[in-house]
C-alpha cells in the first residue's frame, strides 16, 4: 500500500571518453525534486564532451511493504537515490533513459539482480528526513526466532553412526 509519493526529474549526462572501444559513458547527474510533474524529455546541453537530458515525471512512492529497504537506505553511510536506466534509440541517437527511481535499497537490489543498470546519486537532506520518518513509522524488524538445529547436527541416525564407529550398515 502506497502512502506518500514525490514527483522527480533525472538529469542524465553523456561524457566523452578517450577510449577507442567506448567513445562515451552515461551516468545520472542529478535528481530534481522540484521538477515539472509533466512527463517528458528535454535536451539541456549538446556539446561533444558533455551532453545532458532532463527526464521528468517519475513518481517515487513510499510503500509500507518496502519499509525495510527504506530503513537500510536511510541508515546507510551514504543514503542515495537509485536510478534504473536503459539505452534507447531516440531520434536516431542512443540515449540513456531512466525507467525507475526508488529510495528502497531492496528494490534496487532486485532490479540489479534482474540485470538492470542501476546507479546512485546522493540523497538531499529534505528527502532523507522524510525517508527516515517514513522508515521509523513503518519499519518493524522481524523478531528473532528460536534457532532450530539443522538435521545434520544430530538425531538418532547420527548417534547410531557414532556408536558404530562411523559404519552405518543396514
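Scaling the Cα radius of gyration of the chain by the globular reference 2.2 N^0.38 Å produces a ratio of 1.56.
In terms of surrounding Cβ atoms within a 10 Å radius of their Cβ, 48, 68 rank from fewest to most as 48, 68. Footprinting exposure proxy ranking of 17, 103, fewest other C-beta atoms within 10 angstrom first, gives 17, 103. Translational diffusion coefficient of segment 7-48 (Stokes-Einstein, Kirkwood radius from Cα pairs, 37 °C, 0.692 mPa s): 274 µm²/s. Projected onto their three principal axes, the Cα atoms of segment 1-79 cover extents of 46, 31, 18 Å, largest first. Once the Cα atoms are used to define both axes, helix 125-138 deviates from the longest principal axis of the chain by about 30 degrees. Ordered by the number of other Cβ atoms lying within 10 Å of each residue's own Cβ, fewest first, 118, 10 fall into the sequence 118, 10.
Every number in this text was worked out from the coordinates using simple rules, so none of it is lab data. All of these numbers come straight from a predicted model, not from anything done at the bench. Every residue, glycine as well, gets a Cβ built from its backbone with ideal geometry; the counts of neighbours run over all protein chains shown.
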